[in-house]
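**Q** First the structure, then my questions, so here it is.
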Amino acid sequence: MKKVITYGTFDLLHYGHINILKRAKEKGDYLIVAISTNEFNEKKGKICYFSYEERKKLIESIRYVDLVIPENSWDQKVSDIQEFKVDLFVMGDDWEGKFDYLSDYCEVLYLNRTPEISTTKIKNELAFNLKV
């Protein structure tokens, strides 16, 4: 069985998230999704609309996802790969090159993002529309 892992915040779930999860699952047999906790997001300077538990329930409901785990720090990726015996680490291409060091532990692949949509874009457009 080929295990794949990906990481993200997955706030304001949209079709771009679904696209990347579907494509990640197509690369293996078992997809693990690590979702950044609210506490970790605060350390990164991000504020989520939905709580970790709400985001976890949403991601668990997607048919491509086999397991959801919390992401508590940048440093846990190596231990997650080892603990879950991961074969492939997948991230969006906006992170290209940033996780190449993980190739010492598993294959690393950057997938093209859905270019016209992102949570940041949604939040910015909603904020703009509220000002108008």
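**Q** Provide the per residue accessible area, probe 1.4 Å, for the chain, rounded to a whole number of square angstrom.
**A** Solvent-accessible surface per residue comes out at 58 Å².
**Q** Moving to a separate point now. How high is the relative contact order of the chain, given as a whole-number percent (alpha carbon pairs under 8 Å, six or more residues apart)?
**A** 29 percent
**Q** Under a 1.4 angstrom probe, counting protein chains only, how are Glu116, Glu42 ranked by accessible area, largest first?
**A** Putting Glu116, Glu42 in descending order of accessible area: Glu42, Glu116.
**Q** Let's test this: bin the Cα-Cα distances of segment 49-88 at 10 Å from zero up to the farthest pair and state each bin's percent.
**A** 24, 46, 29, 1
**Q** Tell me which aspartates and glutamates have Cα within less than 19 Å of Lys85's Cα, excluding those fewer than 8 residues away on the same chain?
**A** Glu26, Asp29, Asp66, Glu71, Asp75, Asp100, Asp104, Glu107
**Q** Let me ask you something else. Tell me, what is a quarter of the convex hull surface for the C-alpha atoms of the chain, in nm² with one decimal?
**A** Quarter of the Cα hull surface area: 8.1 nm².
**Q** Another question, if that's okay. Could you order Tyr30, Tyr15 so the one with the most accessible surface comes first? Probe is 1.4 Å.
**A** Tyr15, Tyr30
**Q** Shifting gears a bit: Could you pull out every one of the lysines with an alpha carbon less than 16 Å from that of Lys121, ignoring same-chain neighbours closer than 8 positions?
**A** Here the lysines satisfying the reach criterion relative to Lys121 are Lys46, Lys131.
**Q** Which value at 222 nm does the chain reach when only helices count, each DSSP H run of 4 or more adding -39,500 (n - 2.57), with the total divided by all residues and rounded to the nearest 500 deg cm²/dmol?
**A** Mean residue ellipticity, 222 nm, calculated: -10500 deg cm²/dmol.
**Q** Here's a follow-up. Would you list the P(r) distribution for segment 60-132, with all Cα-Cα distances sorted into 5 Å bins from 0 and each bin expressed as a whole %?
**A** All Cα pairs considered, the percentages come to 3, 12, 16, 19, 19, 12, 8, 5, 3, 1, 0.
**Q** Using a 1.4 angstrom probe on heavy atoms only, work out the carbon and sulfur share of the accessible area of the chain in %.
**A** Heavy-atom surface of the chain belonging to carbon and sulfur, 1.4 Å probe: 52 percent.
**Q** Please report the accessible area of Arg55 (heavy atoms, 1.4 Å probe, ligands and nucleic acids excluded) in Å², nearest 10.
**A** Accessible surface of Arg55 is approximately 0 Å².
**Q** Right, something else. Determine the gain in length on full extension of the stretch Lys43-Tyr15; use 0.36 nm per residue of separation and subtract their C-alpha separation, reporting nm with one decimal.
**A** Contour length minus the Cα-Cα distance gives 7.4 nm.
**Q** Same structure again: Can you compute the label reach from Ala127? Point 7 Å from Cα along the Cβ direction, backbone N cut-off under 17 Å, restricted to segment 41-81.
**A** Hits in segment 41-81 for Ala127 at 17 Å: 42-50.
**Q** Once you sort the root eigenvalues of the Cα gyration tensor of segment 24-100 as a ≥ b ≥ c, which label holds: rounded (a/c under 1.5), prolate (a/b larger than b/c) or oblate (the other case)?
**A** Verdict is oblate for segment 24-100.
**Q** Amide H of Val108: which non-local residues (sequence gap of 5 or more, or other chain) have their own amide H closer than 5 Å, using H built in the peptide plane?
**A** Phe89
**Q** What figure, in Å² to the nearest 10, do you get for the accessible area of Leu13 with a 1.4 Å probe and non-protein molecules left out?
**A** Roughly 60 Å² of Leu13 is accessible to a 1.4 Å probe.
**Q** Could you state the angle between the C-alpha long axis of helix 15-26 and the longest principal axis of the C-alpha atoms of the chain, as a value from 0 to 90 degrees rounded to the nearest 10?
**A** Here the helix axis deviates by roughly 10 degrees.
The values are calculated or read from the model by the stated rules, or taken from the named source; none is laboratory data. Everything numeric in this text was worked out from a predicted model, so none of it was measured. Here the Cβ is made from the backbone with ideal geometry for all residues, glycine too, and neighbour counts use every protein chain on show. Remember, those area values only see protein heavy atoms, side chains included, never the ligands or the DNA or RNA. Shrake-Rupley method; radii C 1.70, N 1.55, O 1.52, S 1.80 Å.
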